[in-house]
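First the structure, in the form of structure tokens, and then the observations on it.
The values are calculated or read from the model by the stated rules, or taken from the named source; none is laboratory data. Being a predicted model, the structure only gives us computed values, none of them experimental. Glycine also receives a Cβ, built like all others from the backbone with ideal geometry; neighbour counts cover every protein chain displayed.
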Amino acid sequence: MNSEINTAAPESTTAGASTASTLAYLSRVLKTPTIGRVWESLAASARQDGWSHEEYLAAVLQRQVADREASGTRLRIAGAHFPAVKTLEDFNLDHQPSLRRDVLAHLQTMTFIAKAENVILLGPPGVGKTHLGIGLGIAACQAGYPVAFDTATGWAARLTTAHAEGRLEHDLKRLRRYKLLIIDEVGYLPFDADQANLFFQLVAHRYEQGSILITSNMPFGRWGEIFNDDIVAGAMIDRLVHHAEVLALSGDSYRTRSRRELLTTSPEPGEHH
Ligand code: ADP
Ligand code: MG
């Protein structure tokens, strides 16, 4: 009979106070807080359902790993600075028939990131480029890859500051820790020669080293206008598309389409979009 003082659970099979404090200590040292939190209730389940020692150990470790993965994903999503939470699950494929499903399914396997390949999403406003970019970014975070999101204007500003402060090389190297860089909205605002040059350096630096996902409302043929220089634009496109999935999306803007649908399908009273 276990005679240790444990009034809550006096059965002989329950861990005594010293075992409990040992486990608390061990889970702290191992930095496995979930184990410290779940071992006791899982032990109760194990006794009740007759799990083997091995099954109990697996269940405890499983919970720790699941929590660690979930908090890693949370940290990566927070660190990516997405402008909104948009998932691939929320993306309505029926509204975007120009998106090839086999290509999207392939991208979802995330092998493009493992191979440092790029994704280029082209198309007019409202067709879902940013939504898909964020959705793929979140999927990458879930798969364990660090991601960084910004608009083209935002990246240009960062690079300009880094350059002015003499740490461009250093920052470009640091960006390598992000396995996916998302550059949203290339083309809405034109770049001056310095910005174009910095952008080219970013693309050149990541070439075959890390993935870039770019969205643009401009077809490649007009990137010379964005970067004010056909040669720089050409050299950049060349590196970007060498290993890349280029998706040209078409169709009406989802924003105005859903408004039109609401108008034609008599919405609930009081519904506004
Ligand atoms: P773009 O970046 O191409 O201009 P967005 O991705 O910003 O377009 O899409 C505009 C809005 O419409 C966003 O709120 C987005 O979530 C939504 N949207 C666009 N396409 C779809 C879709 N196929 N399914 C669900 N939501 C969509
Ligand atoms: Mg957009």
* Asked: residue 152: of a type in the set (Gly, Ala, Ser), over 14 Å from the mean Cα position of the chain (by Cα) and within 13 Å of ligand 2 (Cβ to nearest atom), yes or no?
  -> yes
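Going through 84, 70, 78 one at a time, which residue ends up being closer than 26 Å to residue 151 by Cβ, aliphatic (A, V, I, L, M) and out of contact with any helix residue (DSSP H, G or I) (no Cβ under 7 Å at 6 or more places or on another chain)? Before the answer, list the steps.
Working: 84 fails: out of contact with any helix residue (DSSP H, G or I) (no Cβ under 7 Å at 6 or more places or on another chain); 70 fails: closer than 26 Å to residue 151 by Cβ.
Of 84, 70, 78, the one residue that is closer than 26 Å to residue 151 by Cβ, aliphatic (A, V, I, L, M) and out of contact with any helix residue (DSSP H, G or I) (no Cβ under 7 Å at 6 or more places or on another chain) is 78.
Do you know which residues across segment 128-149 are more than 9 Å from ligand 2 (Cβ to nearest atom) and outside any helix (DSSP H, G or I)?
Residues of segment 128-149 more than 9 Å from ligand 2 (Cβ to nearest atom): 132, 134-149.
Those that are more than 9 Å from ligand 2 (Cβ to nearest atom) and outside any helix (DSSP H, G or I): 143, 144, 145, 146, 147, 148, 149.
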* Asked: What pairs come up if the first residue lies in segment 86-101 and is under 23 Å from residue 142 (Cα atoms), the second is small (Gly, Ala, Ser) and loosely packed, with under 10 Cβ neighbours inside 10 Å, and their beta carbons are under 8 Å apart, counting only those six or more places apart or on different chains?
  -> none
* Somewhere in segment 23-39, is a residue of a type in the set (Gly, Ala, Ser), in the same structural domain as residue 205 (by TED's automatic domain parsing) and either surrounded by 12 or more Cβ atoms within 10 Å (Cβ to Cβ) or away from ligand 2 (no atom under 16 Å from the Cβ) (or both)? -> no
* To do: Taking residue 186 as the residue in question, decide whether it is closer than 15 Å to residue 199 by Cβ and within 16 Å of ligand 1 (Cβ to nearest atom).
  => yes
